[in-house]
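The structure appears right after this line, and notes come after that.
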Amino acid sequence: MNQTTSRLGLLLIAAALLGRVIAFAARPSISEDRELKEIDPATWDCRDRLEGSAKTDDGVERNRMKNRSAIDLAGIRPSSFNMTSLLQYLAPFDSETKGKHRKDLTAAQRDRLNPLEKQIVSLTGYLVLAYAGPPEMTNCGSTDFHDWHLELFDQPLDHAPQIGDPTPIICEITPRTQNTVYRDNVRIQALAGFVRAPDLTIEPTGHVARKIRVTGYLLWDDEHNGAADIGEAIRTIGANKYHQPWRRTAWEIHPAIKIEAVDAAPVSPKGSPAPPTVSVPSATPSPPPPKISASQQEFATVTTPVKIKILYGETVIPRGTRLRVLSHDAQTVTVSYLDGTYAIPISSTDFR
């Protein structure tokens, strides 16, 4: 092999490596998912690695707890808690392990932790904020196979969490329980008052936070057992738009296996009067636009944020939202969004 050929070979190798680096850097750091969906675990290279990509003994133990699979809850009667009663139940353990991690526990503390993390419980609260989690070692750093973070509060705030508000308890849907939750017809945007978008901005869903019941395993996420993460009230909002502290306790419902709406209808936000009941007079409706048959069922993805009027004012359907099309004409497309039907400009979607 002459020197020119050798140099050419090195250049080709360098170009290939650079291409991989650029491709990796171009991947989004946060999933573009805005809603639960059916996922195919067979395409996930981490599906058989319950320890994820953890290298330490405590990381392996923690990830194996997080990666427990959904189980059949028939015949199981989980202990039921609201936020106050759950915090009281866990207070003895929390008080003696403040700031500690798994590797720091005494034998007696370990004996108290083990049975707690084997419990399946139900927690009731208001789902104020929800979002797709970032790549984590638990999921081998995958962007596409990620946890869903659910922030449960005592009250249905009429705003996204801000300075002075109480902190929530965290519940998480994992890639190993997502399909079970999804197949129960649970939809994040139909329950949460607010969602965090891929660019980390917080967007309203168009309705107040729903009161829900989350059933799953108790888990002590000791990675978040420090003062920066845990507190009774939010002190700051970071440049990344996350609130700090962001949780009441290191304990979570993780993984969440079942989610149920508890309230029959959305409730009024804290501090807001209940909306009046309005009687709508009968009227002769105008002829509806042509319907799309089930066999022709189509969907539209929002390409430009669309402002719509809702019961409590206005909200925005964010870019990237995939909506079921009910009908359309030359100018508008009528879609199903959350619990309503809305006609939006066809030019704001990819529907053609």
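Just so you know, all these numbers are worked out from the coordinates, no wet-lab data involved. Predicted model only: the values in this text are computed from it and were never measured. Positions of Cβ are generated from backbone atoms using ideal geometry, with glycine treated the same way; all protein chains shown enter the neighbour counts.
With respect to the cross-link table entries LYS37/LYS307; LYS66/LYS309; LYS55/LYS258; LYS55/LYS98; LYS37/LYS103; LYS55/LYS211, which display a Cα-Cα separation exceeding 28 Å? Beyond 28 Å between Cα atoms: LYS66/LYS309; LYS55/LYS258; LYS37/LYS103; LYS55/LYS211.
Calculate, in nm to one decimal, what LYS241 and ARG49 gain on full extension: separation in residues at 0.36 nm each, minus their alpha carbon distance.
Net length gain for the segment: 65.9 nm.
Counting pairwise Cα distances across segment 28-261, what percent come out greater than 26 angstrom? Percentage above 26 Å: 33. Just to confirm the filter: which trypsin sites (Lys or Arg not before Pro) across segment 189-238 are DSSP coil and have at most 15 other Cβ within 10 angstrom of their Cβ? Taking segment 189-238 and a limit of 15 other Cβ atoms within 10 Å, the loop trypsin sites (Lys or Arg not before Pro) found are ARG235.
Here the contact order of segment 28-261, divided by its residue count and restricted to Cα pairs under 8 Å and six or more residues apart, works out to 26 percent. In this structure, ILE71 and GLU232 have a Cβ-Cβ separation that, at R0 = 35 Å, corresponds to a calculated FRET efficiency of about 0.55. Determine which residues of segment 115-135 fall in the zone a paramagnetic label at ASP263 would reach in this model, i.e. backbone nitrogen under 20 Å from the point 7 Å along Cα→Cβ. Correct set: 123-131. Spread over its residues, the convex hull of the C-alpha atoms of segment 160-229 is 147 Å³ per residue. With each label modelled as a point 7 angstrom along the Cα→C-beta vector, the LYS98-PHE299 pair spans 4.9 nm. For SER29 and THR106, a Förster radius of 51 Å and the Cβ-Cβ distance give a FRET efficiency of 0.85, rounded to the nearest 0.05. Ordered by the count of other Cβ atoms within 10 Å of each Cβ, fewest first, LEU219, LEU90 give LEU90, LEU219. Shape call for segment 114-176 from the C-alpha gyration tensor, a ≥ b ≥ c root eigenvalues: rounded (a/c under 1.5), prolate (a/b greater than b/c) or oblate? In terms of gyration-tensor shape, oblate.
From least to most packed, judged by other beta carbons within 10 angstrom and beginning with the fewest, TRP148, TRP251 follow the order TRP148, TRP251.
Estimated from the Cβ-Cβ distance and a Förster radius of 30 angstrom, the FRET efficiency linking ASN82 and LYS307 is about 0.25. Approximating the spin labels as points 7 Å out from Cα along Cα→Cβ, the ASN185-to-ASP144 distance works out to 2.9 nm.
Farthest towards the positive end of the charge dipole of segment 28-261, among the residues GLY164, GLY141, MET65, is the Cα of MET65, using unit charges on the Cβ of Lys, Arg, Asp and Glu.
Full extension of the chain segment joining ALA330 with ARG64 gains 90.4 nm, where the gain is 0.36 nm per residue of separation less the Cα-Cα distance.
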